Amino acid sequence: MKYNFEKIEKKWQEIWNKEGTFNAKKNCALPKYYVLIEFPYPSGEGLHIGHPRPYTAMDIVARKKRLEGYNVLYPIGWDAFGLPTENYAMQNKIHPAVVTRDNIKRFKSQLMSLGLSFDWSREINTTDPSYYKWTQWIFLKMFEKGLAYKKEMAVNYCTSCKVVLANEEVIAGSCERCHSEVVRKIKSQWMLAITKYADRLIDDLDTVDYIDRVKSQQINWIGRSYGAEIVFPTSKGDNLVVYTTRPDTIFGATYMVISPEHELLEKWSDSIENYDEIVQYRYLASKKSDLERTELSKEKTGVEILGVSAVNPATGKKIPIFVADYVLMGYGTGAIMAVPGHDQRDYDFAKKFSLPIIEVVEGGDIEREAYVDCDKGLMVNSGFLNGLNVEQAKTKTVEWLMENGIGGNKVNYKLRDWVFSRQRFWGEPIPIIICDKCGYVPLKDSDLPLMLPELEDYEPGHEGESPLSRAEDWVNVSCPICGRAAKRETDTMPQWAGSSWYYLRYCDAGNENFLASKEELDYWMAVDWYNGGMEHTTLHLLYSRFWHKFLYDIGVTSQPEPYLKRTSHGMILGDDGQKMSKSRGNVINPDEVVKEYGADTLRLYEMFIGDFEKTAPWSSESIKGCKRFLDRVFDMVGFVVDGKDYSKDLEVLFHKTVKKVGEDIENMKFNTAIATLMTLTNEIYANKRLNKFEFEIFLTLLNPFAPHITEELWQMIGNKSMISAAEWPKYNPEKCQEDSIEIAVQVNGKVRGRITIDVDAEESEVLETARSNQQICEMIKGKTLIKELYVKGKIVNFVVK
RNA sequence: GCCGCUGUGGUGGAAUCGGCAGACACAAGGGACUUAAAAUCCCUCGGACUAAACAUCCGUACCGGUUCAAGUCCGGUCAGCGGCACCA
């Protein structure tokens, strides 16, 4: 009989679907295991060949855990708000909800065709009002606790998408999505105070099992640094506060710089002699996009503030103050003390403006460049700090600052609060009413969900105002507190909102009274294993950890962290080694692969393609090997004879294989797990005879990788129940090794012969056998034996001279 | 510039704690079966030397070190990938 994958796969998908084979049970006495993948954005292009890689990997984990007796939750849903859908809707005059529905339909049938063991009964959709009701509810809780606030601020504005972006969405000065220019614009925006959680987001990484590169990227992104704030008096009487990580270098501070947006500039406007020049500089700086600022980073620009100066509190000397855009308003205090001797940027600036450069740590050559990495040098030209090392000087300076009441230790972060407003249609409306008298008034819980209004078109306004502002019936309301005319907030939430808590909804997807019941949350949370892309490390992953911690603080969840384990998969490239793209013409369509080879082969190949964590090029040739393997597995049924135990020939190999496949799945080494099964298959083909018991073990091991074919063969050999309800095999560690093994014998570290020994043989016995080996005898004859080594079960080495 | 990662046959990749480098596949070459092709099965497959095999030597980006023994550990160099980037 021929392996008819098309028929087999259709048959089992229908059975699983009809019976809900993989639906998780509600909270119960069984041990639980929660496996999570990042739910897809249902784009118009349909499933990408890269999607099945993580989905299959986690499917393998889920299926294995089920076979091991766990109550497994492996859910799926749709992260469906967002710009591509909205843009498509605008171009084609179709409602985004309709576009979303059609895209989901296509994605769903594609995912179904892969035999993924999702619990479809818990399917969620972030654009469903019964879902975003709770996204809005969480926002209101944050508002209630003061974590959501509105602020006039310079925001990143994408000139093409006409939308405000979060810092995380700006890549090297351009829009993450469309790569257009991003400029700064002053706007009133909703913000979420993620910075209040900065320390916990770093420190709690110690309590979870994330791959190192995820941890280090998050730590890097949050960017915690320890330093000091120092107060510099000015000639205007106002104090100018700076942040520095090098308080020890204060004697070398020969000038100061404040950022163009600094508030003191306006306050000092009357006293500044060249105020016009400064206003002009500030205007030019604001016109610069982030891209230009970055590109021009080599050449420093700035203007000296004439008429106002500061005093270095350590030296007592009068020093000038400059305005320059190399100092950012968003970090520290927006002002610095410049130490050109020991900071390259200050050095470049000082050279350009002919400012004094003083060496305060010896050991460098400040004639040539700033001496930056000067941890080992001693302080000079620094009054009471002279002779100390850098660490001592830091401590002493901070003590001195505190004694004089002009500063102290300070921790700073690169992380900024999350810009949460979007001026677009296809997002969750922010459930706030703006009243002239009462301010920002939250909707009552009973008024949620606040549904999106119906609109004729979804174009944003020319000044970047939200399309919702045109829905006058919807916008104009009366204030819930005072009853006067008021307006709804017209901004919507960013795409990251719905995905910040979706894993909680899966625990109790249909709940109408709350985002999920306490019982189900306590049973299922935390997620045991979450796999996703590296590109979400500083966005989704950080955001959702923040929301989760907030929900933990208000008692919704019982664990401080949402995900116990986080891993990441590599991308699949085109067969030319380049990223797949339409323009390169190297795109592989999963539907076509399934049609030609079947889902089991696709699954197997994507797991066999290479190290799961690394990028791998697709090969239309290599996939044939996986198909060939499944053909051989199918034909194996012809070797099966009755037998309820292992045969003598294969017993050790089977025990080894059970051990290896199980461990490899746990360690994400799917490729070597498959290689091991291939080796066993080759051995079975050499024997051409297989006990039924052995075949069942083999099928169970292969089942997580290739679920359809194994289900079919399981039935073909007479089983009434499904293999999906079988038990994961166990191995006996004692039977994982042959009684006698061959080991290599080295002379001076080079293999010169091999001997067969009993596994448990004594060292002296093994060495004797090795010495009497003919080849070895000849090699060591007439030479002095200096040392002999035996590493049990591995190797013998004779050192001779 | 800073942080993280990776360099192994023609290709994708194996090698648990330092113990026989190249598992498992793909491609290629040869053979069997076939009228023929496809499919399938068998053999060869890092390099040098060799008609071939045995043997020997070389070989995990490069240079050096530790060790009886290094793809693996240490120091340095080069190349590539990812993230951040005027963060004081």
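Calculated accessible area for chain A comes out at 45 Å² per residue, all protein chains present (probe 1.4 Å; ligands, DNA, RNA ignored). Given their separation in residues at 0.36 nm each and the Cα-Cα distance between them, A:LYS783 and A:LYS196 gain 204.0 nm when the chain is fully extended.
Using alpha-carbon positions, what is the distance between the centroids of the stretch A:321-346 and the stretch A:437-504, in Å? Measuring centre to centre over Cα atoms gives 40 Å.
Loop-located trypsin sites (Lys or Arg not before Pro) in the stretch A:667-745 (DSSP state not H, G, I, E or B) with no more than 16 neighbouring Cβ atoms inside 10 Å: A:LYS688, A:ARG689, A:LYS720, A:LYS730. Each Lys and Arg Cβ is given +1 and each Asp and Glu Cβ -1; about its Cα centre, the stretch A:1-71 then shows a dipole of about 360 debye. Seen from all directions on average, the stretch A:317-433 presents a Cα convex hull projection of 12.2 nm². Both radii are taken from the alpha-carbon atoms of the stretch A:324-379; with Rh as the Kirkwood radius, Rg/Rh is 1.01. Each principal axis of the Cα cloud of the stretch A:489-550 was taken in turn, and the coordinate range along them, longest first, works out to 35, 31, 19 Å. Taking the DSSP bridge list for chain A and keeping only pairs wholly inside it, about 70 percent are antiparallel. What the Cβ-Cβ distance of A:ASP447 and A:ARG101 gives, at R0 = 30 Å and to the nearest 0.05, is a FRET efficiency of 0.70.
Pairs of Lys residues in the stretch A:545-670 that lie 8 or more places apart, or on two chains, and have C-alpha atoms under 15 angstrom apart add up to 7. Compute the distance from the alpha-carbon center of the stretch A:1-23 to that of the stretch A:192-208, in whole Å. So the two Cα centres are separated by 45 Å. Of the trypsin sites (Lys or Arg not before Pro) in the stretch A:24-84, the ones in a loop by DSSP (not H, G, I, E or B) with at most 15 other beta carbons within 10 Å are A:LYS25, A:LYS26. Rounded to the nearest Hz, the phi-derived 3J(HN,Hα) couplings of the stretch A:463-478 under the Karplus curve 6.51 cos²θ - 1.76 cosθ + 1.60 (θ = phi - 60°) are 8, x, 7, 5, x, 4, 5, 7, 7, 4, 4, 7, 6, 7, 9, 9, where x marks glycine and proline. Coupling constants for the stretch A:50-63 follow from the phi torsions by the Karplus curve (6.51 cos²θ - 1.76 cosθ + 1.60, θ = phi - 60°), and in residue order they are x, 4, x, 5, x, 5, 5, 4, 6, 5, 4, 4, 4, 5 Hz; glycine and proline get x. Among the GluC sites (Glu not before Pro) in the stretch A:673-735, those placed in a DSSP loop whose Cβ has at most 14 other Cβ atoms within 10 Å are A:GLU727.
For the stretch A:155-271, what does the alpha-carbon gyration tensor say about shape, rounded, prolate or oblate, given a ≥ b ≥ c as the root eigenvalues, a/c under 1.5 as rounded, and a/b over b/c as prolate? Kindly include the intermediate steps, with their values, before the conclusion.
Details: a/c = 2.43, a/b = 1.24, b/c = 1.95.
Taking the square roots of the gyration eigenvalues as a ≥ b ≥ c, the stretch A:155-271 is oblate.
What whole-number distance in Å separates the alpha-carbon centres of the stretch A:578-657 and the stretch A:115-183? After rounding, the separation between the Cα centres reads 39 Å.
Listed by chain and number, the lysines whose C-alpha is less than 19 Å from the C-alpha of A:LYS437, apart from same-chain residues fewer than 8 away, are A:LYS150, A:LYS151, A:LYS487. Placing a label point 7 Å from the Cα of A:LYS18 along the Cα-to-Cβ direction, the residues of the stretch A:716-753 whose backbone N falls under 15 Å of that point are A:722. Taking the charge dipole of chain A about its Cα centre, with +1 at Lys and Arg Cβ atoms and -1 at Asp and Glu Cβ atoms, the residue from A:VAL637, A:ALA497, A:GLY574 reaching farthest to the positive side is A:VAL637.
Within a Cβ distance under 10 Å of A:VAL323, other residues only, what is the Lys/Arg minus Asp/Glu net charge?
After counting each charged neighbour, the total is -3.
Here the gap between A:ARG484 and A:ASN513, fully extended at 0.36 nm per residue and compared with their Cα-Cα distance, gives a gain of 7.3 nm. Computed from phi, the 3J(HN,Hα) profile of the stretch A:548-562 under the Karplus parametrisation 6.51, -1.76, 1.60 (θ = phi - 60°) reads 4, 5, 5, 5, 5, 5, 9, x, 6, 10, 9, 10, x, 10, x Hz, with x in place of Gly and Pro.
Name the residues of the stretch A:31-55 whose amide N is less than 12 Å from a point 7 angstrom out from the Cα of A:SER620 along the C-beta direction? It comes to no residues whatsoever. Rounded to the nearest 20 debye, the dipole magnitude of the stretch A:529-653 is 420 debye, with +1 charges on Lys and Arg beta carbons, -1 on Asp and Glu beta carbons, and the Cα centre as origin.
In this label model, A:ARG632 and A:ASN671 are separated by 1.9 nm, measuring between points 7 Å along each Cα→Cβ vector.
Beyond 48 Å, what share of the Cα-Cα pairs of chain A is found? Please give it as a whole percent.
Above the 48 Å cut-off, chain A has 39 percent of its Cα pairs.
Element breakdown for the stretch A:60-172 at a 1.4 angstrom probe: carbon and sulfur atoms account for 51% of the accessible area.
Each 10 Å bin from zero holds the following percent of Cα-Cα pairs in the stretch A:402-539: 10, 26, 27, 22, 12, 3, 0.
Where the accessible area of the stretch A:318-460 is counted over protein heavy atoms with a 1.4 Å probe, how much of it, in %, is carbon and sulfur?
48
Listed by chain and number, the aspartates and glutamates whose C-alpha is less than 18 Å from the C-alpha of A:LYS688, apart from same-chain residues fewer than 8 away, are A:ASP631, A:ASP635, A:ASP642, A:ASP645, A:ASP649, A:GLU651, A:GLU696. Computed from the C-beta positions of A:GLN344 and A:GLU535 and an R0 of 22 Å, the FRET efficiency is 0.10 to the nearest 0.05.
Net length available on complete extension from A:LYS10 to A:ASN92 is 26.1 nm, with 0.36 nm assigned per residue and the Cα-Cα distance removed.
Among the lysines of the stretch A:1-66, pairs that are 8 or more positions apart or on different chains and have alpha carbons within less than 15 Å of each other number 4. Computed from the C-alpha gyration tensor, the three semi-axes of the ellipsoid equivalent to the stretch A:676-801 are 47, 13, 12 Å, from longest to shortest. Computed from label points 7 Å out along Cα-Cβ, the spacing between A:LYS565 and A:SER130 is 3.3 nm. Which percent of the accessible area of the stretch A:480-639 is formed by carbon and sulfur heavy atoms (probe 1.4 angstrom)? Answer for the stretch A:480-639 is 48 percent, counting heavy atoms of protein chains only. Would you mind computing, in nm to one decimal, how far apart the modelled labels at A:MET1 and A:ARG689 are, each placed 7 Å from Cα along Cα→Cβ? Placing both labels 7 Å beyond Cα along the Cβ direction yields 2.4 nm.
Which of the aspartates and glutamates could a cross-linker span from A:LYS236 if the Cα-Cα distance has to be under 15 Å and same-chain partners fewer than 8 positions apart are dropped? Those aspartates and glutamates meeting the cut-off are A:GLU263, A:GLU266, A:ASP270, A:GLU273.
Each Cα pair under 8 Å and six or more residues apart adds its sequence gap; the mean of these over the residue count of the stretch A:642-765 is a relative contact order of 25 percent.
The values are calculated or read from the model by the stated rules, or taken from the named source; none is laboratory data. Since we're looking at a predicted model, the values are computed, not measured. Reconstructed Cβ throughout: ideal geometry from the backbone, glycine too, with neighbour counts over all protein chains shown. The area values use the complete protein model at the heavy-atom level, side chains included, leaving out ligands, DNA and RNA. Shrake-Rupley method; radii C 1.70, N 1.55, O 1.52, S 1.80 Å.
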